[in-house]
1. Of the residues L78, L83, only one is touching a strand residue (DSSP E or B) at 6+ places or on another chain (Cβ under 8 Å) and over 20 Å from S152 (Cα atoms); which?
2. With respect to L73, is the statement that it is touching a Ser or Thr at 6+ places or on another chain (Cβ under 6 Å) and crowded, with 17+ Cβ neighbours inside 10 Å true?
3. Counting only residues that are assigned to a loop (DSSP other than H, G, I, E, B) and not polar (S, T, N, Q), which one in the stretch 38-52 is surrounded by the most Cβ atoms within 10 Å (Cβ to Cβ)?
4. Conditions first: (1) surrounded by 15 or more Cβ atoms within 10 Å (Cβ to Cβ); (2) farther than 22 Å from Y18 by Cα; (3) under 23 Å from the mean Cα position of the chain (by Cα). M209 passes all but one, so which condition is the exception?
5. Do you know which of the residues in the stretch 13-37 that are of a type in the set (D, E, K, R), surrounded by fewer than 14 Cβ atoms within 10 Å (Cβ to Cβ) and over 18 Å from the mean Cα position of the chain (by Cα) is farthest from R225 (Cα to Cα)?
6. State whether the residues of the stretch 31-51 include one that is among the aromatic types (F, W, Y) and out of contact with any helix residue (DSSP H, G or I) (no Cβ under 7 Å at 6 or more places or on another chain).
7. Could you list all residues from the stretch 223-270 that are touching a helix residue (DSSP H, G or I) at 6+ places or on another chain (Cβ under 7 Å), assigned to a loop (DSSP other than H, G, I, E, B) and either surrounded by fewer than 17 Cβ atoms within 10 Å (Cβ to Cβ) or of a type in the set (S, T, N, Q) (or both)?
Amino acid sequence: MEGHALPPEEHFITVEPYYEPTGDEIAVFEAAYRNRLPVLLKGPTGCGKTRFMEHMAWRLKRPLITVSCHDDLTASDLVGRYLITADQTVWVDGPLARAVRAGGICYLDEVVEARKDTTVVIHPLADDRRMLPMEKLGLELEASPEFMLAISYNPGYQSVLKELKQSTRQRFVALEFDYPAAPLEQKIVVKETGLDEARAAQLVKLAAMTRNLKGSGLDEGASTRLLVHAGKLMMDGIPPAAACRGAIARALTDEPEMLAAVDELIATIF
């Protein structure tokens, strides 16, 4: 249990990740970090939450450990467990424990997808205690001063059974994310793909049209991420309509009628 070093070098982000702020999210995040407050990122899929976290880890010069939460993720997956080797039983820290020890930023992406017992370990870290209970070791691990906990979820997509509870939500400083305004989204697509302004504008227009279908057959409209995927295909020589069908329409839905509707939108623009 002695001498836990900083996470491996790959957890440090040495090159600035491209991120275009849409409001005061950078200043609020930095203030939260200085005051040792945890942060909650709320917003739709593919709107830039993960990129924002990478950018902030780079700005703050802290290692970033990201955990993509899923139905089978347990508290033990986050904290750690005993593993049996050839001749002994050894304790291996989980990603949350590594970040707590090292003073890193631990980002739990789509936290409501994890099993309910994960909140048991998150709550003491997300209040004044800043402690990680490690029941299997019989101890509570005090967070390094540089440690920060960040979580994200998509409030428009989760079912009632997977809503973030008030007892969890009210421990966090919340930052609201959404898709950028059209001029900024166009700038992002150009920067990320190398696409010309005209075709980037067409992609942004298509995205807006699909977002208008949310709740009328689509769970989500086209995200900025999907526009970037389509733009990269186009830059590689794929015809625009084919690129949009593959990177946007088929990524959004499997339902034949909605596919036909999105394909029709693509045809009107390209």
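The values are calculated or read from the model by the stated rules, or taken from the named source; none is laboratory data. Here the structure is a predicted model, which means the values were calculated and not measured. Every residue, glycine as well, gets a Cβ built from its backbone with ideal geometry; the counts of neighbours run over all protein chains shown.
1. Of L78, L83, the one residue that is touching a strand residue (DSSP E or B) at 6+ places or on another chain (Cβ under 8 Å) and over 20 Å from S152 (Cα atoms) is L83.
2. Against the criterion (touching a Ser or Thr at 6+ places or on another chain (Cβ under 6 Å) and crowded, with 17+ Cβ neighbours inside 10 Å), L73 does not qualify.
3. Top of the filtered list is G48.
4. (3) is the only condition that M209 fails.
5. Per the stated criteria, the residue is R34.
6. Within the stretch 31-51, none of the residues are among the aromatic types (F, W, Y) and out of contact with any helix residue (DSSP H, G or I) (no Cβ under 7 Å at 6 or more places or on another chain).
7. The answer is T253, and nothing else.
So that you can scan it fast, the table gives a plain yes or no per residue for (1) in the same structural domain as E135 (by TED's automatic domain parsing); (2) part of a strand (DSSP E or B); (3) within 24 Å of I13 (Cβ to Cβ):
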| residue | (1), (2), (3) |
| --- | --- |
| E54 | yes, no, yes |
| I65 | yes, yes, yes |
| L73 | yes, no, yes |
| D87 | yes, no, no |
| V90 | yes, yes, no |
| L96 | yes, no, yes |
| V112 | yes, no, no |
